[in-house]
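Step one of this worksheet: look at the structure below.
The values are calculated or read from the model by the stated rules, or taken from the named source; none is laboratory data. Predicted, not measured: the structure shown is a model, and the values here were computed from it. Reconstructed Cβ throughout: ideal geometry from the backbone, glycine too, with neighbour counts over all protein chains shown. Keep in mind that these areas ignore ligands, DNA and RNA; they rest on the heavy atoms of the full protein, side chains included. Shrake-Rupley method; radii C 1.70, N 1.55, O 1.52, S 1.80 Å.
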Amino acid sequence: MRKIVLSLALLALSAAESPAQQPPGGRLGTGLPVPRYVSLKTDRVNLREGPSKDHRTAWVFQRAGLPVEIIAEYETWRRIRDSEGTDGWVLHSLLSGRRTALVMPWAKGDQPPIPLLDRADDKGQTVAQLQPGVIGSIRACDGTWCQITIVREGSADVAGYVRQEKLWGVYPNETVE
C-alpha cells in the first residue's frame, strides 16, 4: 500500500510540473528559424494584438505578396513585423513561404527610381525603373545582388537584378536559392 501511495504522489508531482515545462497547447511553433521573411498570402490579413481571434484587430493589411518578417511563433500564430516596424499576430494560414521584397520602402518622395538591370553588374542595361514601394518576387540572391520579377497588370512581367541593400525582405548578405 505504501508503494502505491508513493507512486501516486510521484505521478501527481510529475503532472503538476508538466505545464511549467511546456507552454499551453504543447508547442511554440514550427522550429524554423526566427526571424525570417515570408509574404502575405491574401489581400486581407488582420493583424491582432495577441495570438488568438479573441484579441483586438489592430490593423488590416490589404496587399497580397507584401513581405513581412516573422519575429515570434506561438502554436498556429505568427508575430510579424512590416517594413515600417508595425508588429502583431496573424494566423499562419494567411502567410506564404514565397519570398518577396519591397524596393526601398524607407525612401522619401525625392528618391530617384532604382534601376532594374539585365545582369548582376552596375554596368548592366536598365530594363525598368523601380519606384520605392514596388513589390518584387525574389528568384535568387547571392549576398550582393537579387534577381527579382515584377508583376505588371496588363503588361508582361519584367525580371532583372537589383542590389540587395535596396530591398526590404531579404537580410544583408543572405543568399536565396
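Here are a few things to note about the model shown:
- The slack in the chain from Thr57 to Ala72, taken as 0.36 nm per residue of separation less the alpha-carbon distance, amounts to 3.6 nm.
- Residues in the range 28-177 average 55 Å² of solvent-accessible surface per residue, probe 1.4 Å, ligands and nucleic acids excluded.
- Taking the accessible area of the range 49-161, probe 1.4 Å, and keeping the other protein chains in place, the carbon and sulfur fraction comes to 46%.
- Using a cutoff of 8 angstrom between alpha carbon atoms and counting only pairs six or more residues apart, the relative contact order for the range 61-177 works out to 22 percent.
- Under 5 Å from the amide H of Lys41 lie the amide H atoms of Gly65, Leu95, Ser96, each residue being 5 or more positions distant or on a separate chain, with H modelled from the backbone and absent for Pro and chain starts.
- Separation in nanometres of the label points that stand 7 Å from Cα toward Cβ, at Ala140 and Thr86: 3.5
- Spin-label model, Glu174 to Leu32: label points 7 Å out along the Cα-to-beta-carbon direction sit 1.1 nm apart.
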